[in-house]
Every structure is written in C-alpha cells, then in structure tokens.
Amino acid sequence: MSDKKKILIIQPIHKAGIDLIKNNTNYDYEIIENIDNKDIKKKILECDGLSIRTANLSSELINISKKLKIISRHGVGYDNIDLKSSKEKNITLAITATANAVAVAEHVMFMLLNISKRKNMYDEAVKTGNFSNRNKLPKTIELWKKNILIAGFGRIGQSLIRRCKGFEMNVFVYDPFVSKDIIEELGGKKVEDLTEAVKSMDAISLHMPLNEKTKNIINYDLLKTMRKNCIIINAARGGMINENDLDKALNESLIFGAGLDVFETEPPKEDNPLLKNNKVFLSPHTAAFTEECMIRMGKETIQNIIDFFEKKLDKSKIIKL
Ligand SMILES: NC(=O)c1ccc[n+]([C@@H]2O[C@H](COP(=O)([O-])OP(=O)(O)OC[C@H]3O[C@@H](n4cnc5c(N)ncnc54)[C@H](O)[C@@H]3O)[C@@H](O)[C@H]2O)c1
C-alpha cells in the first residue's frame, strides 16, 4: 500500500500552488471543482490533508473523514470551517497568514479613492459627452488630513495604516486586543470607545473577524452619529454592517458613501437594496483577488500542508482551536 499522503484541494487554486505538490513523490492530490457535498463526502473519507477556499466544511463532512490531520484555508478567515469538530478530531487548522494583507489594504484604498473622487459620476460625464458640465458636478473629497478609523488592527489593519499614512491621513485605531505602543509605533492613535470615536471620523474601515460581538456593529443608531462626509468600507466579513440600516443611512444622507466587498449573504440577494444604491461601491468579495495574491495564497495553502507533514509548520499560521 502506498504511504503517500492524499491531499484534497477543494476548489481550484493557482497553478503555482499545484506545482509545489505535482512532482512531490510524497503526495497524491486531487482537485474538487464541484463543491456539492456529495462530491466532498466521497473524497474526504480517505484524505490526509485538505486545502479549502470558501466552500462550507461542516461538522458532518469533518466527521466523515477518517485520516484528516490538516485543514489548510486558502485565505485567512475561517468562518466556513466547523471549528468544534475540527478540535474534537484534533485536526490542525492553518491559514495563508502572509498572503493577502497587502491586496486587501490596497482594495480599501481603491474603494476610498473611488468613492471620494466620485469615479462613476465623473467618468460617465466625459463618456456621455458632458465634459463641460464639470463645474456643475458635485465636488470630490481629499483624503489629506482626514480622520480614518481602522477597526481591527491585525495583518490587514496594519497594512492599511501604512497606506493611509502615505496619504497623510490621521489614523485612529480601535482594537481592544492590540496595545497602544504597537499602534503608536505605526503612526496611529488608539481609541478605546468605538461609539465615541466614530463621531469624528471621515472614514471607517472594518478589519476584525465576524463574531457575536462584531455582528451588526455598524447599525442605524451608530450611523446617525457619524459625520455627513463619512465613508465606510467593509472588506472584512458581511454582517458587521447592517445592510438595511446602511441603505437607509445613505438614502437619508447621514453619511457620504460606502464600499463593500463582503455581504451578509453571498452572493447578495436580488432584493438587497444596496444593489440599487448609487452611493455604495461594490465588489464581489474579490479584495484578495489580485494576480499576485492568488499566486501567494495558492502556494502558501499547499506549503502549509507540506510543512505540517514535515513537522515544520510555523505557529503563526496555526489557528488555536
Ligand atoms: N475581503 C476579503 O477578501 C478578505 C481577505 C482576507 C481577510 N478578510 C477578512 O478581514 C478580516 C481581518 O483579517 P486579518 O488577516 O487582518 O485578521 P487578523 O486576525 O490578523 O486581525 C483581526 C484583528 O481584529 C481584532 N479584533 C477582534 N475582535 C475585535 C473587536 N470586537 N473589535 C475590534 N477589533 C477586534 C483582533 O485583535 C485582530 O487584531 C477578517 O474578518 C478576515 O476574514 C477578508
């Protein structure tokens, strides 16, 4: 019997990741493109390790596996994995911790700039022959010397602050678990009270995990207290901003605009009012989809599996269950 480890790659990843395992005689691999439970159920039974993107890895699936030792998330969020059964089965959960902070931070800047520079409106004016209307269009906004609140100061938050400082923004940070010293070292100012802090912000960007504490953390009551020129960005997880409340606040001009890469339900339901709101700038959960980042994530998700079996997986990539 072959003692090769069987690796399941649930949902295709970049070829650069596959190349790491393709010619490695210690491993056999299989890619599952169809993420129907039926398919995964069949294959998970005998695999030793798996890489997974966004598909749901339920307790049922995890409990079917007989040999599974490592789940390697292609990405850093792991709300699609059942943690309880992973823990019970003593399975290691790894993430591509070094791969995607820059891509997401750049995406936030892209959204902030698009919204503040009214990209759609100005672009359309020229393309529709209305160049000479330029004096009549509503003015754009600068980021210079504006206050931004970064809520959640982990990998992505810390990458974002560097970009905000490049634009000479005043950066405030809300993260109860990160010390004042670390925040100040990177040029930010720690705030203790989110409710108070949002009142004086021109931009807010969310970078924390979705959990009981952060669900609906941005709601109508809070939106009401914000500056009218405030722009909110969520490229973390849907559900932290209440979407109906956001739509209402935008329609009532309580804030200037919003950028969302993530949604309460993905894809968003057809009747989601934000889909028709021109004060919101959307992307389909693609903040990390740069060519460079896909290569990094593809490689790291496979390397984490190899490192695990070679007993050299870096602790910083392992999620404590
Ligand atoms: N849009 C995308 O494609 C994309 C890509 C990568 C990550 N993400 C999401 O971005 C978020 C951040 O990722 P990361 O890699 O920076 O994670 P991270 O674990 O490095 O950082 C998260 C930070 O949030 C802080 N935090 C936890 N609870 C908090 C709370 N209640 N209030 C404020 N701060 C809190 C933690 O202390 C930590 O510093 C996650 O939700 C992740 O799933 C989205």
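Remarks
- Sequence of Val173, Val178, Val126 once ranked by neighbouring C-beta atoms within 10 Å, starting from the fewest: Val126, Val178, Val173
- Rounded if a/c under 1.5, otherwise prolate or oblate - region 211-285, Cα gyration tensor axes: oblate
- Sparsely packed chymotrypsin sites (Phe, Trp or Tyr not before Pro) within region 124-208, loop by DSSP, other Cβ within 10 Å at most 14: Trp144, Phe177
- Cα centre as origin, Lys/Arg/Asp/Glu Cβ charges: region 125-233 dipole, Debye: 680
- Mean separation of Cα pairs under 8 Å and 6 or more residues apart, divided by the residue count, gives the chain a relative contact order of 19 percent.
- The loop-placed trypsin sites (Lys or Arg not before Pro) in region 72-138, going by DSSP, that have at most 11 neighbouring Cβ atoms within 10 Å of their Cβ come out as Arg134, Lys136.
- Straight-distance crosslink candidates among lysines, where the alpha carbon sits under 21 Å from Lys189 and sequence neighbours closer than 8 are dropped: Lys145, Lys146, Lys165, Lys180, Lys199
- Relative to the longest principal axis of the Cα atoms of the chain, the long axis of helix 155-166 makes an angle of roughly 30 degrees.
- More than 29 angstrom apart: percent of Cα pairs within region 101-282: 19
- Cut-off 15 Å between beta-carbons: net charge of the residues surrounding Asn234, Lys and Arg +1, Asp and Glu -1: -4
- Among His107, His74, the order by Cβ neighbours within 10 angstrom, fewest to most, reads His107, His74.
- Exposure proxy order (Cβ contacts within 10 Å, fewest to most) of Arg227, Arg155: Arg227, Arg155
- All lysines inside 21 Å of Lys41 as judged from Cα atoms, apart from same-chain residues fewer than 8 positions distant: Lys4, Lys5, Lys6, Lys66, Lys67, Lys69, Lys84, Lys87, Lys89
- Taken about its Cα centre, the chain carries a charge dipole of roughly 380 debye when the Cβ of each Lys and Arg holds +1 and the Cβ of each Asp and Glu holds -1.
- Given the chain, longest segment not containing exposed loop GluC sites (Glu not before Pro) (DSSP; at most 10 other Cβ within 10 Å): 34-191
- Positive minus negative residues near His14 (Lys, Arg vs Asp, Glu; Cβ under 12 Å): 0
- In the chain, the calculated helix contribution to ellipticity at 222 nm averages -9500 deg cm²/dmol per residue, counting -39,500 (n - 2.57) for every DSSP H run with n ≥ 4.
All of the numbers you see were taken from the coordinates with simple rules; none came from a lab. Worth saying up front: this structure is predicted, and the values here are computed from it rather than measured. Neighbour counts are summed over all protein chains in view; Cβ atoms, including those assigned to glycine, are modelled from backbone coordinates with ideal geometry.
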